[in-house]
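To start, the structure itself, in structure tokens.
The values are calculated or read from the model by the stated rules, or taken from the named source; none is laboratory data. The model shown is predicted, which means the values in this text are computed figures rather than measured ones. Cβ: placed from backbone, ideal geometry, glycine included. Neighbour counts: every protein chain shown.
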């Protein structure tokens, strides 16, 4: 399914509040109006929460083991017996259980459902139905054998690696690089973490002129005035103030002199490429231990992940097979990637045939090896327009092999440390496996829609795609607020266009939007009455031909003049073809999933314990006080 839509596995109408009217004026691709319960199931499949996440939920102790799944589905009497089923089991679907943690996850997803306030008992029943449907879809995906599909396995492996690395980082890697008291003392003595407030000049004048400027500054010349004349740094327009900086972040030649600096001292000139830097110290601060520890930890975290990856590859003795390098590079240059993959046998190898090179094990490591099949997926080696994956040298091949093997090495390292056995991590790994396989099941079941069906969908759902009323405005964007204010003050309604076109030297951007206009660009754009960005809000208060005050835009400071109004209308297919394709695909998936759930509910009925559902405290505030 389309991951750009965030959620793709949708739920049937059984647990929903009905299909809302889809008459919103304008909808961006990330804003969908699918049935509430269908979206809720999608969120539930994607939400990586472990037990005890919701407020008031019990946290498992580190030594607590996850309850084993029953080998067969017991009777309803056994479920209700405290001695037969695992404590906290609320429903059984075949050999799958819905437990307290599942209901809590569903409660977070459905927190804003109106039923929570109007009919709390029915809302709880919806939570249980949501969890049951999720398990039914996951069970069906498992039955189809998708967990053995290589592409699904790779997606699960990558998602698992993300989760496991985050757990390893928090439990092992961060504590390893957290500064000790002695390291903090050493860093303080080195002086590089000392904070200085400086004025700054970046001069591109010749060496003789630069030293002359430096001497004038040392003899009392105003730093901000000199910066206006000689500095090419943006700070020159703001009095040359660079603000607070750590000594270690400034020019390396300045480190030693600045450690003994006093307010008012001028240092330089220091070489920076073709330019020279000059500093003037305004104030000095010594960081306390907490600030020093935080700064050192942040610096160390910058390279934490790549250094861990290198250690991991070294730990498991990863190395490229030299004899295969030229063969892989030649094959990639002369054959399409999919053709190479199709030519491999079950072990990922192929013999030499004519000019076509033989391919075997590309890289080895302790207890494992890599073939072209491991690196040939588009996630590791993206296809070029000609269908090939041009590997230019051994370094690029090395990087591709490392990218392919790191997810399994991370899982291996975490497994050896025993972190994957923790109840919360084990649960999340299961949720990842079920989510990926369920998404893959829907992708396989619902074929891609061709252009004819997408156009037919637009024709039959035209009322969904309405463009609201808008104001047409000519907008110019500046880098600084002061520059924008000075420019706007000299403009009149009659001279606005000429000023923007010629005098100010702006460049025109065709088809611009509020977010695509950058400083020194202008464009005529439509600002919808439903948009909430500052530029659109400000434009709604303007009359035609009225110039706006300076507006903080996403990319700078804007000045706009409203040139007219645009009435509400329907979008053309060309304007929303991408959104229509997403909606058409989404509705096709919804229809398929709803039909599957109706069949699965009848074929695999859930055995529930309503009393446990009612007794479960979700730890969520109620309007009448307390928590439920």
query = What tally of residues in the stretch 524-552 results from selecting those that are within 10 Å of residue 477 (Cα to Cα), surrounded by 15 or more Cβ atoms within 10 Å (Cβ to Cβ) and out of contact with any strand residue (DSSP E or B) (no Cβ under 6 Å at 6 or more places or on another chain)?
reply = 0
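Only one of 164, 168, 192, 173 is surrounded by 14 or more Cβ atoms within 10 Å (Cβ to Cβ), touching a strand residue (DSSP E or B) at 6+ places or on another chain (Cβ under 8 Å) and closer than 23 Å to residue 303 by Cβ. Can you tell me which?
Numbers: 164 fails: touching a strand residue (DSSP E or B) at 6+ places or on another chain (Cβ under 8 Å); 168 fails: touching a strand residue (DSSP E or B) at 6+ places or on another chain (Cβ under 8 Å); 173 fails: touching a strand residue (DSSP E or B) at 6+ places or on another chain (Cβ under 8 Å).
Of the residues listed, the single one that is surrounded by 14 or more Cβ atoms within 10 Å (Cβ to Cβ), touching a strand residue (DSSP E or B) at 6+ places or on another chain (Cβ under 8 Å) and closer than 23 Å to residue 303 by Cβ is 192.
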Lone qualifier among 288, 265 - being without any contact (Cβ under 8 Å) to a residue 24 or more places away in the chain and either over 30 Å from residue 179 (Cα atoms) or surrounded by 17 or more Cβ atoms within 10 Å (Cβ to Cβ) (or both) = 265
inquiry  = Quick test for you: out of 310, 281, pick the one residue that is modelled with pLDDT of 90 or more and more than 33 Å from the chain's Cα centre (by Cα).
reply    = 281
message = in contact with a helix residue (DSSP H, G or I) (Cβ under 9 Å, 6 or more places away or on another chain) and either on the phi < 0 side of the Ramachandran plot or surrounded by 14 or more Cβ atoms within 10 Å (Cβ to Cβ) (or both): is that true of residue 335 in this structure?
response = yes
request  = Scan the stretch 212-229 and give yes if some residue there is touching a strand residue (DSSP E or B) at 6+ places or on another chain (Cβ under 7 Å), closer than 22 Å to residue 273 by Cα and surrounded by fewer than 19 Cβ atoms within 10 Å (Cβ to Cβ), otherwise no.
outcome  = no
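Could you please find all residues in the stretch 572-616 being over 23 Å from residue 136 (Cβ atoms) and at pLDDT 90 or above? Before the answer, list the steps.
Restricting attention to the stretch 572-616, the residues satisfying the condition of being over 23 Å from residue 136 (Cβ atoms) are 572-584, 615.
572, 573, 574, 576, 577, 578, 579, 580, 581, 582, 583, 584 - these are the residues of the stretch 572-616 that are over 23 Å from residue 136 (Cβ atoms) and at pLDDT 90 or above.
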request  = Report the residue count in the stretch 338-363 for those that are free of Cβ contacts under 8 Å to residues at least 24 places away in the same chain, in a helix (DSSP H, G or I) and buried (at least 16 other Cβ atoms within 10 Å of the Cβ).
outcome  = 1
request  = Could you give me the residue pairs with C-beta distances under 7 Å whose first residue belongs to the stretch 503-519 and is more than 20 Å from residue 481 (Cα to Cα) and outside the structural domain of residue 532 (by TED's automatic domain parsing), whose second residue is at pLDDT 80 or above and loosely packed, with under 12 Cβ neighbours inside 10 Å wherever it lies, and which are 6+ apart or on separate chains?
outcome  = none
key: Cβ-Cβ under 9 Å pairs, at least 6 apart or on other chains, the stretch 407-427 side at positive phi and assigned to a loop (DSSP other than H, G, I, E, B), far side surrounded by fewer than 19 Cβ atoms within 10 Å (Cβ to Cβ) and modelled with pLDDT of 95 or more   = none
ask   = Among the residues of the stretch 368-383, which ones are modelled with pLDDT of 90 or more and over 16 Å from residue 345 (Cα atoms)?
value = 368
Any hit, the stretch 116-139, residues being at pLDDT 90 or above, part of a helix (DSSP H, G or I) and under 15 Å from residue 407 (Cα atoms) = no
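Please verify whether residue 299 is in a helix (DSSP H, G or I) and either without any contact (Cβ under 8 Å) to a residue 40 or more places away in the chain or on the phi > 0 side of the Ramachandran plot (or both), treating the condition exactly as stated. Break it down stepwise before answering.
Numbers: in a helix (DSSP H, G or I): yes; either without any contact (Cβ under 8 Å) to a residue 40 or more places away in the chain or on the phi > 0 side of the Ramachandran plot (or both): yes.
Judged against the criteria, residue 299 is a match.
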ask   = Which of the residues belonging to the stretch 187-224 are touching a residue at least 12 places away in the same chain (Cβ under 8 Å) and on the phi > 0 side of the Ramachandran plot?
value = 191
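Suppose we keep only residues that are touching a strand residue (DSSP E or B) at 6+ places or on another chain (Cβ under 9 Å) and assigned to a loop (DSSP other than H, G, I, E, B) within the stretch 617-628. Which one would you say is modelled with the lowest pLDDT?
To start, the set of residues in the stretch 617-628 that are touching a strand residue (DSSP E or B) at 6+ places or on another chain (Cβ under 9 Å) comprises 617-621, 627-628.
Now restrict to residues that are assigned to a loop (DSSP other than H, G, I, E, B): 617-620, 628.
On the way: 617: 83, 618: 81, 619: 67, 620: 62, 628: 57.
The residue in question is 628.
State whether the residues of the stretch 144-159 include one that is in a helix (DSSP H, G or I), more than 21 Å from residue 610 (Cβ to Cβ) and touching a strand residue (DSSP E or B) at 6+ places or on another chain (Cβ under 7 Å). Step through it out loud before you land on a result.
Just the residues of the stretch 144-159 that are in a helix (DSSP H, G or I), to begin with: 146-148, 150-159.
Filter again for more than 21 Å from residue 610 (Cβ to Cβ), leaving 146-148, 150-159.
From what's left, touching a strand residue (DSSP E or B) at 6+ places or on another chain (Cβ under 7 Å): none.
Checking the stretch 144-159: not a single residue is in a helix (DSSP H, G or I), more than 21 Å from residue 610 (Cβ to Cβ) and touching a strand residue (DSSP E or B) at 6+ places or on another chain (Cβ under 7 Å).
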message = Given the criteria surrounded by fewer than 20 Cβ atoms within 10 Å (Cβ to Cβ), assigned by TED's automatic domain parsing to the domain that holds residue 278, under 16 Å from residue 268 (Cα atoms) and touching a residue at least 24 places away in the same chain (Cβ under 8 Å), does residue 254 qualify?
response = yes
inquiry  = Please pick out the residue among 558, 512, 588 that is surrounded by 17 or more Cβ atoms within 10 Å (Cβ to Cβ), under 30 Å from residue 125 (Cα atoms) and under 29 Å from the mean Cα position of the chain (by Cα).
reply    = 588
